[in-house]
Amino acid sequence: MKKFFFLFSFVPLTTLAISSTAVGGNETTVKVDVSLRALANVRIEITSASVTWDFNSMAGFPPASFPESFAPTAPPALPHQTIKYRVAGGGGFTFWMLFVEGNGDPFPDCGIALADIEYVEADEAGNETGSWTSFTTFPALIRLGSGNTKGWQELYQNYQVSIDGDETYPTGGTSSCTVTYTIWSLF
């Protein structure tokens, strides 16, 4: 019992002795330089969270000859997509990239592959200013730059799907896939 009491009273005194500092000693000062680097702030917004091709109500479908390309039924107005992006901060050189990619072929299978869905850069009125490019499952670079964007920038795109005649009607009537726009920066 005495050994237990002695051990019990020794532990708190040892802890107190270790945790006490500068008792009766001189003051010591240590300066620490702290650097703060502002991170680049990247933001992205899209106007059309859903794009639809309704072949049941589409004029000119089925086509008389193949291949034929069709614009989406929704959104009907050109451009079909507006991508707004912004890069701010960084405290110096900031390198940024804007990508687009699809998650795979529309499911359930309807004969339309992801590569049959295409996008093209357009102006604000929807006039095409680039070449049609197929969506892929690999991120495709659509914009890049360095430094701050000086506020929000806009990128416009039109969409189309290419029909080549081997498409089928999906079980349940609807097939879908997801397209993702991503912006990232490196500073």
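Centre-to-centre separation between the Cα atoms of segment 106-127 and those of segment 57-86: 8 Å.
Packing-based ranking of 146-157, 56-67 yields 146-157, 56-67, ordered from highest to lowest mean Cβ neighbour count within 10 Å.
Ordering of 132-139, 43-50 by packing is 132-139, 43-50, highest average first (other Cβ atoms within 10 Å, averaged per residue). The label point for Asn103 and the one for Arg43, both projected 7 Å from the Cα toward the Cβ, are 2.6 nm apart.
No value in this document is a laboratory result; all are computed from the given coordinates. A quick note: this is a predicted structure, and the numbers were derived from the prediction, not measured. Virtual Cβ from ideal backbone geometry, glycine too; neighbours counted across all protein chains shown.
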